[in-house]
Amino acid sequence: MASRESPYKNLKFLIIDDFPAMCKQIERILNSAGAEAIDIVYNGEKALLACSKQKYDVIFADFNLGAGKNGQQLLEELRHRKLIKSTCAYIMITAEATKDFVFGALEFAPDTYLNKPFNQAELLQRLQRIVLEKQAIGPVLMAQEVGNIDLAIELCIAGIQSDPKRRTTYMKMLGEFYLRSAKYEKAKAVFDQVLSVRELDWAKLGKARCHFELQEYDQANDILAPMLAQNTPHMEAYDLMAGIAAKRGDNRGVQAVLEHAVSVSPRSVKRQKQLAYVAEENNDLLAAESAHKFAMKSSEHSMHEGPNMYLDYANSVNKVMAIQGPENSDRFKESQRVLGKVKQKFRDPIVTMRVNMVSSTANKLTGNEAEAKALMEKVASDYALLEGQMGASIGPESRLEFANLLIDNGQQERAQEILKALAADYPDDEVLCKKIDRASSEPLSKLGKAAAIKLNREGKQLLQEKNFADAVVLFSQALDLYPNNIGLKLNLVLAQVQKMQVDGRNAETTQVCRDILSSVGELSSDSEFYKLYQTLKQSL
Amino acid sequence: MATPDSQNIDFSMLLASAAHDMKNSLGMLLSTLDQMDAVAVDQAQELKGYFSLLRGEASRINNDLIYLLSLYRLQNKQLQANVDEVYLPEFFEDQQLRHAVLLEAFNVSLLIDVADDVLAYFDAELIAGVLNNAIVNAAKYTQSVIRLSATPHEGGVLIEVLDDGPGFPPSMIDENTDYQRGVSFKSGSTNLGLFFSNHIAALHTNEGQQGRIELANNPSGGGIFRLILP
């Protein structure tokens, strides 16, 4: 069979395993089946290089590649950077010992698996099956790769008719393409047809996604809730559920769903990061710190690795120390260790400056005033220098972090200028805009402004109705999102003062109000809040 | 550290983490064996025999540990059936090839008896574990042949592993068999594999129906392991 018309003669193979003997064994088996073009590399980095030079048809990758990337991280990066064609068959070799999580439920799932130990016949059978499959659905994959979704849909419909054995495969792709081209009713019909035969998870998820896109949140919730109750390994179920909570404005709900998701599958950097951000918005600083730490650890060797992972973590440690005080010296040491590592690892003037920013705050929080001040001065001069050389390309993170550092050091006005410019430069970056509004003393982004208008309207309404308790809750929760916002601070104090006029004066609340006012500082007479500020100050 | 409290040791957790460690070591051992086997390709036939013996025993321990860990995860709701459409002819071929070395060592042939278009819905990985236990067991007791068959059954599928050995002892076929009640150390066999199989089968549900296993003897001789999936 191998000699004359081997189906593998013209295919290009790549084998990745850190055991040379294993590579040799696979190579020998492939040779025996008529394969000729076989490359071998021993780690993930070399594999990336090989794939950027050559388009492979079949890749055998061991999950465990020793130090560095594992086979799954490699696959994610290859697909993300489009270093492999969509028709390339990725075969993951796994030892039972490493199969602690369900590969099949991952976003970037390999095409097939080969469990160790395997013999020649097993390998060749697996290979034959996946090559035939890729050939059969190849036209669909290629249409998708060039962005011709209409053609891909046509080919799927034809495939459902002509290839009964792959009917389910074509149905799955068809539903996906309809979803992607926003034909939600058609997609739902496809998923419903599958579900009428069998309650398959992917079809349930597809249908839930249709409901979500059609803003039918209750129906989506009804499908997803039982899956989550079973700790489904399909991460998309959690993402959708978090999306529903977000649409309903339930930030605590988003956090709870994401916490559930990472407890089932802790290795997802993307989800840990989302969790960290939403926990920050919810002022749950310990949860944010822990999620940033997990994200940092899981990002190692993956395509997500970068200075932000480490700096975000160190910043989150600072936030915890700001609340808990400096007594937890382990926390400080750990963050200092990470910062040292970042400097070494990336050796870049901007990264070094950002490390110094975090470090300055950390030293201030632990009482090392002199060190904090020295670092702050170094940062200020480096920032001026780098900004002079690079302008805006110094990066949004650097600008935001510098503004935050200035605020911590009592230089609100200069910080506000930087934040304003930043909001103007990135009006459409939602994540960044949220962070800008969080740091700022007034809403600067489109979304932040809209939220502020809505809050003010609701707050005024409550005050008019003399519902002071609810007004206090409303403004307190809003301050979780925008802790530096002057208007919110003053409105909260106003609500408290009016509440005390009814309930009677309370020493504790009075002190809290005075602290809030002093955190605002002195307002200049041209501020829109000047009058309110003066009135409140006198009444306290 | 806190004062140790020997009265309240959580043994299931301890066992599970010990099993996890052992399984990792065995995985290393097995893959090293493979590397040695690959290097020793031109060595004497005798060496090959030792390799297959080592691999067989290591696999057995490995399987037991997998059963243990799966049951532990099941109890802690960490194990779900990742159900998908499976074509039985292909699935059986996989099992045939997976056990080729073992079957050769026992001088047993594995025959597949299934129509081309039989498909079913189950977690292929978990059910392969169930069949693994049945096939390894059948290989020990059969004379020469093991037959794998699958037929559509009440909207689901009936999978059978038949051998031509002496059949199961009557005590195992009784309704209240050990594997349903729990693992027993009295009989000399812990039945861990059957206990695992029963739980994995039950993990597969559809429209109120639950999967199950049955043991029977063929009137014409030999044991039958039945797996009924809804």
* Quick one: Karplus J couplings for the range A:253-263, per residue in order, coefficients 6.51, -1.76, 1.60, θ = phi - 60°, nearest Hz, x for Gly and Pro? -> x, 4, 4, 4, 5, 5, 5, 4, 4, 6, 6
* Asked: Along the range A:508-522, what does the Karplus equation 6.51 cos²θ - 1.76 cosθ + 1.60 (θ = phi - 60°) give for ³J(HN,Hα), rounded to whole Hz, x for Gly and Pro?
  -> 5, 4, 4, 5, 4, 4, 4, 4, 4, 4, 6, 5, 6, x, 7
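Considering every residue in B:121-129, what mean count of other chain Cβ atoms within 10 Å of its Cβ is obtained?
Other-chain Cβ atoms within 10 Å of each residue's Cβ, averaged: 2.
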* Structure fact -> Stokes-Einstein, Kirkwood over Cα pairs, the range A:45-159, 10 °C, 1.306 mPa s; D in µm²/s equals 104 µm²/s
* By average Cβ neighbour count within 10 Å, what is the ranking of A:488-498, A:217-227 from highest down? -> A:488-498, A:217-227
* Over the alpha-carbon set of chain A, divide Rg by the Kirkwood Rh and report the Rg/Rh ratio to two decimals. => 1.04
* To do: Quote the charge dipole size of the range A:395-515 about the Cα centre in Debye, to the nearest 20; the model charges only the Cβ of Lys and Arg (+1) and of Asp and Glu (-1).
  => 420 debye
* Where the only charges are on Cβ atoms (+1 Lys, Arg; -1 Asp, Glu), what is the dipole of chain A about its Cα centre, to the nearest 20 debye? -> 760 debye
* Among B:G49, B:G167, B:G27, which one moves the most in a GNM of chain B with springs linking Cα atoms closer than 10 Å? -> B:G49
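Could you tell me whether the range B:76-147 comes out rounded, prolate or oblate from its Cα gyration tensor? Rule is a ≥ b ≥ c as square roots of the eigenvalues, rounded for a/c under 1.5, then prolate if a/b exceeds b/c, otherwise oblate. Before the final figure, lay out the partial values.
On the way: a/c = 2.77, a/b = 1.48, b/c = 1.88.
Oblate, because a/c is 1.5 or more while a/b does not exceed b/c.
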* To do: Find the relative contact order for the range A:33-156 and round it to a whole percent, using C-alpha pairs within less than 8 Å whose residues are 6+ positions apart.
  => 21 percent
* Go through A:Q219, A:M235, A:A295 and say which Cα lies farthest out towards the positive end of the charge dipole of the range A:211-320; charges sit on Cβ, +1 for Lys and Arg, -1 for Asp and Glu. => A:A295
* To do: Quick one: grab the alpha carbon gyration tensor of the range A:268-311, order the square roots of its eigenvalues as a ≥ b ≥ c, and give me rounded if a/c is under 1.5, else prolate or oblate depending on whether a/b is larger than b/c.
  => prolate
* Just the projected area, averaged over all directions, of the convex hull on the alpha carbon atoms of the range A:316-455: how many nm²? -> 9.0 nm²
* Structure fact -> Proximal lysine pairs in the range A:63-198, meaning Cα under 19 Å and 8 or more positions apart or interchain, come to 10
* To do: Could you work out, residue by residue across B:106-114, how many beta carbons of other chains sit within 10 Å of that residue's beta carbon, and then give the average as an integer?
  => 0
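Rounded, prolate or oblate: pick one for the range A:111-199, where a ≥ b ≥ c are the square roots of the eigenvalues of its C-alpha gyration tensor, a/c under 1.5 means rounded, and failing that, prolate if a/b is larger than b/c, else oblate. The partial results should precede the final answer.
On the way: a/c = 2.44, a/b = 1.75, b/c = 1.40.
Judged from the Cα gyration tensor, the range A:111-199 comes out prolate (a/c at least 1.5, a/b above b/c).
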* Structure fact -> Taking only the alpha carbons of the range A:258-379, the radius of gyration and the largest Cα-Cα distance, Dmax, both in angstrom, are 14.4, 45
* Options B:S59, A:V497, A:G249, ranked by Cα towards positive dipole end of the protein assembly as shown, top entry (Cβ charges) -> A:V497
* To do: Report, in degrees rounded to the nearest 10, the 0 to 90 angle that the Cα long axis of helix A:486-503 makes with the longest principal axis of chain A.
  => 60 degrees
* Asked: Given a cut-off of under 8 Å on Cα pairs at least six residues apart, what relative contact order in percent is computed for the range A:410-540?
  -> 18 percent
* Structure fact -> With Rg from the Cα atoms and Rh as the Kirkwood inverse mean 1/r over Cα pairs, the range A:153-307 has an Rg/Rh of 1.05
* Based on the mean of other Cβ atoms within 10 Å per residue, sort peptides A:49-59, A:249-259, B:62-72 so the most packed one is first. => B:62-72, A:249-259, A:49-59
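Every read-out reported here was derived from the displayed coordinates using simple, explicitly stated rules and does not represent laboratory data. Nothing here was measured: the structure is a model prediction, and the numbers come from that model. Cβ atoms come from the backbone with ideal geometry, glycine included; neighbour counts cover every protein chain shown.
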